[in-house]
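The values are calculated or read from the model by the stated rules, or taken from the named source; none is laboratory data. Keep in mind it's a predicted model, so treat the numbers as computed, not measured. Neighbour counts run over all protein chains shown; Cβ positions are idealised from the backbone, glycine included. For accessibility, only protein heavy atoms count, side chains too; no ligands or nucleic acids. Shrake-Rupley method; radii C 1.70, N 1.55, O 1.52, S 1.80 Å.
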Amino acid sequence: MTTATQRPAAPPRALGAPTPVVRTARPGEAGALAALSRPFVRSGALRERPASLYAAHAADFLVLGAPDGTLDGCVGLRAYPAHADEGCAGVVYNFCVAAHRQGSGAGAGLLRAVLATARAQSLDAVFTATTGGAGLFLRYGFTPTAAHRAPRPWATSLDPRRNARVLVRTW
């Protein structure tokens with residue numbers, strides 16, 4: 001007779017506890033997006049963007065809503081039309097997760113959602129720039145690339161003083 005060691009059960013979720021939801025941001029959440037991004041701007045990880053940009057481009061953003069209605073994370077995806085012999089490409093930007101949710105899988109969930117959105121929009125490639133270690137991006141198939149391969153309007157907006165690594169994900 002063979003006996004197997006039982007794995008301990010995962011801790012039960014509280015009954016009725018809402019599951020965090022990834023959804024498209026609403027224009028009225030511009031202030032919340034700016035507030036969520038502010039610590040990352042202060043640290044130099046993100047460029048500062050005015051609340052008006054978040055309002056005007058709310059449809060670019062996926063957010064991770066907390067059970068209490070606050071935002072625990074966000075990521076923007078902007079699509080750029082094809083030109084010449086290149087396909088359509090997108091740019092992942094303003095990717096941040098609140099400190100209390102880091103290490104919980106929240107960032108991975110947002111990244112999976114934004115990649116699924118990019119595929120649904122038939123984007124051939126998705127670019128991003130990061131001043132961090134890029135570990136999460138690399139685990140999800142991004143590879144280092146040169147900025148000149150990215151959509152020109154975005155590539156020319158990069159600040160060389162930030163020394164960001166440009167990454168691309170294709171499928």
Scan the stretch 110-118 and give yes if some residue there is over 25 Å from A56 (Cβ atoms) and open to solvent by less than 60 Å² (accessible area, probe 1.4 Å), otherwise no. no
So, in the stretch 57-81, exactly how many residues are closer than 19 Å to A155 by Cα, touching a residue at least 40 places away in the same chain (Cβ under 8 Å) and open to solvent by less than 20 Å² (accessible area, probe 1.4 Å)? 1
Would you pick out the residues in the stretch 82-107 that are open to solvent by 20 Å² or more (accessible area, probe 1.4 Å) and either under 20 Å from T131 (Cβ atoms) or among the basic types (K, R) (or both)? Y93, F95, A99, R101, Q102, G103
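Quick grid of which residues meet (1) part of a helix (DSSP H, G or I); (2) within 14 Å of the chain's Cα centre (by Cα); (3) surrounded by fewer than 18 Cβ atoms within 10 Å (Cβ to Cβ):
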{"position": "L123", "(1), (2), (3)": "no, no, no"}
{"position": "V126", "(1), (2), (3)": "no, yes, no"}
{"position": "G133", "(1), (2), (3)": "no, no, yes"}
{"position": "L136", "(1), (2), (3)": "yes, yes, yes"}
{"position": "H148", "(1), (2), (3)": "yes, no, yes"}
{"position": "W154", "(1), (2), (3)": "yes, no, no"}
{"position": "S157", "(1), (2), (3)": "no, no, yes"}
{"position": "L167", "(1), (2), (3)": "no, yes, no"}
Which members of the stretch 36-50 meet the condition of being open to solvent by 50 Å² or more (accessible area, probe 1.4 Å) and either touching a strand residue (DSSP E or B) at 6+ places or on another chain (Cβ under 7 Å) or not charged (D, E, K, R) (or both)? P39, S43, P50
